[in-house]
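The values are calculated or read from the model by the stated rules, or taken from the named source; none is laboratory data. Keep in mind that this is a model prediction, so the values were computed, not measured. Neighbour counts are summed over all protein chains in view; Cβ atoms, including those assigned to glycine, are modelled from backbone coordinates with ideal geometry. The accessibility values were calculated without ligands, DNA or RNA, using every heavy atom of the protein model including side chains. Shrake-Rupley method; radii C 1.70, N 1.55, O 1.52, S 1.80 Å.
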2 protein chains.
Amino acid sequence: MFYLIGLGLSYKEDITVRGLEAVKKCERIYLEHYTSILMAAEKEELEEFYGKPVILADRELVESGSDEILLDADKKDMAFLVVGDPFGATTHTDLVLRAKKAGIPVEVIHNASVMNAVGSCGLQLYNFGQTVSMVFFTDNWRPDSWYDKIWENRKIGLHTLVLLDIKVKEQSLENMARGRLIYEPPRYMSISQCCEQLLEIEEARGTKAYTKDTPAVAISRLGAANQTFKVGTIEELSQYDAGEPLHSLVILGRQCHELELEYLLEFTDNSEKFKKDVAADQEYFKPAPWVPPAEEDDNEL
Amino acid sequence: MFYLIGLGLSYKEDITVRGLEAVKKCERIYLEHYTSILMAAEKEELEEFYGKPVILADRELVESGSDEILLDADKKDMAFLVVGDPFGATTHTDLVLRAKKAGIPVEVIHNASVMNAVGSCGLQLYNFGQTVSMVFFTDNWRPDSWYDKIWENRKIGLHTLVLLDIKVKEQSLENMARGRLIYEPPRYMSISQCCEQLLEIEEARGTKAYTKDTPAVAISRLGAANQTFKVGTIEELSQYDAGEPLHSLVILGRQCHELELEYLLEFTDNSEKFKKDVAADQEYFKPAPWVPPAEEDDNEL
């Protein structure tokens, strides 16, 4: 059996009881180690908890070395552990397809991921549109296809979850060119950097998918003991120090209900200002007010 | 401490290790019992697993009796268990607000919910728009505000998750009028009924937010041992017997990528027909094809 097991967000004990039972009977255990990290547990702690060695799987191994990962999984139990839920990232769907094609039985053990745990900021999951990813800009590469997606969401009133880039086990261009297996220290995008990139692209485009005054929710270390929420405008959050990673951001949509707003007010020192910011931002993309028809037919009332 | 703990989707062992540790030290344990059910575990099994009695909490208790639920939670440990993740339903956000206002510390232990586990059908969570709910139509009440939301999602190419109504501990109008505490047997909407309601409203509106030929994914018993996926058009799925509850449905958007489609083909006996259905449906809301400008300036090439 090939087990695909979600680890949840933070602690080693965030694995489900069923997930832990499966891990304990597995012959080989891989931990996917490039799309996210488990905030409160290192590899060694997991190994002690499982009573088994854990193999870190980087992007190359998962995308090109799936034969190695799936080896003997038709006869023995193997586990592939993923921070969050196994179906957050495309490449794991691919791994399941490969396993099925090789006639290997697959069992998925789900867990919380940022995609649903984000609800703990008080915004309703029902009111979220498509999720976007923000990558680290470089001198030559400043992709902004997410801009149109945020725009699409906001036109129909929806919140947007922005997932922030992480770089684990990346080589510098120089080391890559010289074939040196030296890796850069891991990097995790901060909320302030994300907001700066948002502001830069809005300034370049100027079509007001959002503005510097659009309210957003800064989410740091979701699911960890020191999880923190902070609300503010995008400009305010571009100056906000959210502390240790991992960070994510939610850009508010017009459909911000009363109960949602009440919950968000817990995360600001200036409730009155935030309420005003939300009210002002809701004017964007607001449907035109209803105008009574010019000629009314009294009989219809 | 007031613990709000997600139970995941199906088995008693779907609770996280951290969640189980918390439950075991709690004085009182409530199980929210009206927005969803744990498919593979009855109350008695949970009580045996936890070594503690479990109190079933119906809508009335949660919405009006929160004082009872929160009683002494400032001094002792209390747990409120929710199938899926605690932040799926609005009323639980409300419970957290009440606890905070009463100065009671709150800890949330997340878990998988249909909102993220739906990714296991092979469709990418990134490509989902807002989620909608489908309620049981009655003779006098056939709400269809979800129609516009599906339309909004599909106009921008996104998939729509449709959550199906469940009725647990409901009284008949007669019993309610007579004040008799007699409850109807629980009812869970089936995929076929959902599709019939979709077709009825599309016929009434006629604006083609989707058609009878729009492809969809029928999801039954997500996360359980007998979990099943089936793809087909909405009309085909209106005839489909998806078996035991719980059911959900995903209506496809135009942004159906190759890998998504390849995964979905596992769930049909007629791949060629399904591919054609998807291609035909993608014509709806397709951006107009690019037309070269009338006067070209060769120098610009």
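List of remarks:
- Residue pairs meeting the criteria (Cβ under 6 Å; at least 6 apart or on separate chains; first within 21 Å of B:Ile150 (Cα to Cα) and polar (S, T, N, Q), in region B:272-301; second modelled with pLDDT of 75 or more and open to solvent by less than 100 Å² (accessible area, probe 1.4 Å)): B:Gln282/B:Arg254
- Residue within region A:208-216 that is in contact (Cβ under 8 Å) with a residue 40 or more places away in the chain and within 14 Å of another protein chain (Cβ to nearest Cβ) present: yes
Every residue, every condition in (1) more than 17 Å from the chain's Cα centre (by Cα); (2) modelled with pLDDT of 95 or more, yes or no:
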| position | (1), (2) |
| --- | --- |
| B:Phe2 | yes, yes |
| B:Glu13 | yes, yes |
| B:Met39 | no, no |
| B:Val62 | yes, no |
| B:Leu81 | yes, yes |
| B:Ala89 | no, no |
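- Annotation note: of B:Glu258, B:Glu244, the sole residue that is among the acidic types (Asp, Glu) and touching a strand residue (DSSP E or B) at 6+ places or on another chain (Cβ under 8 Å) is B:Glu244.
- All helices (runs of 4 or more DSSP H) inside region B:187-275 with 2 or more residues being in contact with a Cys (Cβ under 7 Å, 6 or more places away or on another chain): B:234-237
- Applying the criterion of being among the β-branched types (Val, Ile, Thr) and more than 23 Å from A:Gly6 (Cα to Cα) to the residues of region B:54-82, the residue that is farthest from the other protein chains (Cβ to nearest Cβ) is B:Ile55.
- Number of the exception - A:Tyr147 against (1) at pLDDT 95 or above; (2) of a type in the set (Phe, Trp, Tyr); (3) part of a loop (DSSP other than H, G, I, E, B): (3)
- Residue count for region B:83-142, restricted to those that are more than 7 Å from chain A (Cβ to nearest Cβ), outside any helix (DSSP H, G or I), more than 30 Å from B:Ile201 (Cα to Cα) and not charged (D, E, K, R): 8.
- Contact annotation: residue pairs with Cβ atoms under 6 Å, 6 or more positions apart or on different chains, pairing a residue in region A:14-25 that is facing chain B (nearest Cβ under 7 Å) with a partner that is assigned to a helix (DSSP H, G or I) and buried (at least 23 other Cβ atoms within 10 Å of the Cβ), are A:Thr16/B:Asp14; A:Arg18/B:Asp14.
- Unique match (being farther than 24 Å from B:Val96 by Cα and either touching a residue at least 60 places away in the same chain (Cβ under 8 Å) or of a type in the set (Val, Ile, Thr) (or both)) among A:Asn153, A:Asn127, A:Asn140: A:Asn153
- Contact annotation: residue pairs with Cβ atoms under 6 Å, 6 or more positions apart or on different chains, pairing a residue in region B:194-206 that is in contact (Cβ under 8 Å) with a residue 40 or more places away in the chain with a partner that is open to solvent by less than 20 Å² (accessible area, probe 1.4 Å) and outside any helix (DSSP H, G or I), are B:Cys194/B:Met134; B:Cys194/B:Leu249; B:Cys195/B:Ser238; B:Glu196/B:Ser238.
- Restricting region B:114-147 to residues that are open to solvent by 10 Å² or more (accessible area, probe 1.4 Å) and small (Gly, Ala, Ser), the residue that is farthest from the chain's Cα centre (by Cα): B:Ser145
- Hits in region A:66-83 - residues which are open to solvent by less than 10 Å² (accessible area, probe 1.4 Å) and in contact with a Leu (Cβ under 6 Å, 6 or more places away or on another chain): A:Ser66, A:Phe80, A:Leu81
- Whenever a residue of region B:251-267 is more than 12 Å from chain A (Cβ to nearest Cβ), its partners that are among the β-branched types (Val, Ile, Thr) and assigned to a helix (DSSP H, G or I), lying with C-beta atoms within less than 9 angstrom and at least six residues away or across chains, give the pairs B:Ile251/B:Ile150; B:Ile251/B:Ile234; B:Leu252/B:Val278; B:Cys256/B:Val278.
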